[in-house]
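Enquirer: Sending over a structure as structure tokens; questions will come in a sec.
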Amino acid sequence: MEPSVDRASLGAFLRARRDALQPEDVGLRRGSRRRAPGLRREEVAELCGMSCDYFARLERGDGPHPSQQMAAAIARGLRLTPDERDHLFLLCGHRAPHRHLRSEHVNPGLMRVLDRLQDTPAQVMGPLGETLLQTPPAVALLGEQTHYTGDDRSAPYRWFTDPIARSRYLPDDHDHNSRVNVSLLRVASAREGARSQAALLVRSLLRSSAEFTSLWNQQEIGPEWNSAKRFVHPQVGRIDLFCQNLLDPDQSQSLLIFTATPGTENHDKLALLNVLGTDSFAAG
């Protein structure tokens, strides 16, 4: 039996949240011909990753029943707070978001920061290294990372199972990065318990990676990421950047921002990446 959808209340809620969301909130320019009090429907639809017609039907109250995944996309696109997100799920006929959907709901504060970094490599990461959102320059630097499913969503898992995951990092740093990934998973699995997603990920890696197993058996705690990151890019070659990490403790999410010192060769290469864009990276 299909859950009950309060279409009238859902439409009213979506219209109100769209009207309250300003272009500046999502990194858009207001322009001189804007008449809408908030965002246009097509702008919100693009933010949510859906067609404008689909979103318009939801606002009118004659749309389809949104799935939990679609409700999560709407919550993300409208920059809803956790309480607003839960209310949206109720209006869509879902009693509560699943645990994994809760963890993937990006904090609106992080979203607002990311919206203002569209010319900078930046991405929001989940608690197990899931890439939740990327700016276009981040895709140009590191490749598209939001499309993975299953265990592959976790960057530590890909590090030990997919050779491509290491190809963008300087080989001299591989051993240290491996130790850090293992240490972080050890801490997460101990903190969250034997039935947690972190513990399941550890058991999966113990079955599939001899390197991970060897490092896991060493019982090492303490290696941390360096703020200096050394990448190898197929178009611009080696590029050394600094990584700032903004942590949201409530959501166990972090915003990674990659920068270079102005006036240096690395800064010029970062600017060139913005020009090359994601298509050139994929072609390389």
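What follows is calculated from the coordinates using simple rules that are stated; it is not laboratory data. Predicted model, so just to flag it, every value in this text is computed and none were measured. Reconstructed Cβ throughout: ideal geometry from the backbone, glycine too, with neighbour counts over all protein chains shown.
Enquirer: To the nearest 10 degrees, how steep is helix 82-91 against the longest Cα principal axis of the chain, on a 0 to 90 scale?
Expert: 50 degrees
Enquirer: Also: Would you pull out the residues with amide H under 5 Å of H233's amide H, same chain only if 5 or more places away, H placed 1.01 Å from N?
Expert: R238, I239
Enquirer: Grab the eigenvalues of the alpha-carbon gyration tensor for the stretch 7-105, scale each by 5, take roots, and send me the semi-axes largest first in whole angstrom.
Expert: 22, 15, 11
Enquirer: Same structure, new question: Compute log10 of I(q)/I(0) for the stretch 123-172 with the Debye formula, placing one identical point scatterer on every Cα and leaving out solvent, at q = 0.23, 0.26, 0.31, 0.33 Å⁻¹, to two decimals.
Expert: Here log10 of I(q) over I(0) equals -0.89, -1.09, -1.31, -1.33.
Enquirer: Based on alpha-carbon centroids, what's the gap between the stretch 187-242 and the stretch 143-180 in Å, whole number please?
Expert: Going from one Cα centre to the other spans 8 Å.
Enquirer: Report the relative contact order of the stretch 136-209, percent, no decimals, based on alpha-carbon pairs under 8 angstrom and at least 6 residues apart.
Expert: About 24 percent, as a whole number.
Enquirer: Calculate how large, on average over all directions, the projected area of the Cα convex hull of the stretch 205-269 is; give the answer in nm² to one decimal.
Expert: 7.1 nm²
Enquirer: Give me log10 I(q)/I(0) at q = 0.16 Å⁻¹ for the chain, Debye formula, one equal scatterer per alpha-carbon, no solvent.
Expert: Ignoring solvent entirely, the Cα scatterers give -1.29.
Enquirer: On each of the three principal axes of the Cα atoms of the stretch 134-284, give max minus min coordinate, whole Å, ordered largest first.
Expert: 47, 31, 28
Enquirer: Could you let me know the centre-to-centre spacing of the stretch 1-51 and the stretch 65-85, using Cα atoms, in angstrom?
Expert: Cα centres, the stretch 1-51 to the stretch 65-85: 12 Å.
Enquirer: Follow-up question, since we're still on this one. Where does helix 68-77 land angle-wise versus the long Cα axis of the chain, in degrees 0 to 90, nearest 10?
Expert: Approximately 90 degrees, to the nearest 10.
Enquirer: For the charge dipole of the stretch 7-105, defined by +1 on Lys and Arg C-beta atoms and -1 on Asp and Glu C-beta atoms about the Cα centroid, which residue among L88, Q22, A75 has the Cα displaced farthest towards the positive pole?
Expert: Towards the positive end, the residue furthest out is Q22.
Enquirer: Still on this structure: Take every Cα pair under 8 Å in the stretch 110-283 that's 6+ residues apart, average their separations, divide by the length, and report that relative contact order as a whole percent. Please report the intermediate quantities before stating the final value.
Expert: Numbers: 256 pairs, mean separation 44.9, N = 174.
Value for the stretch 110-283: 26 percent.
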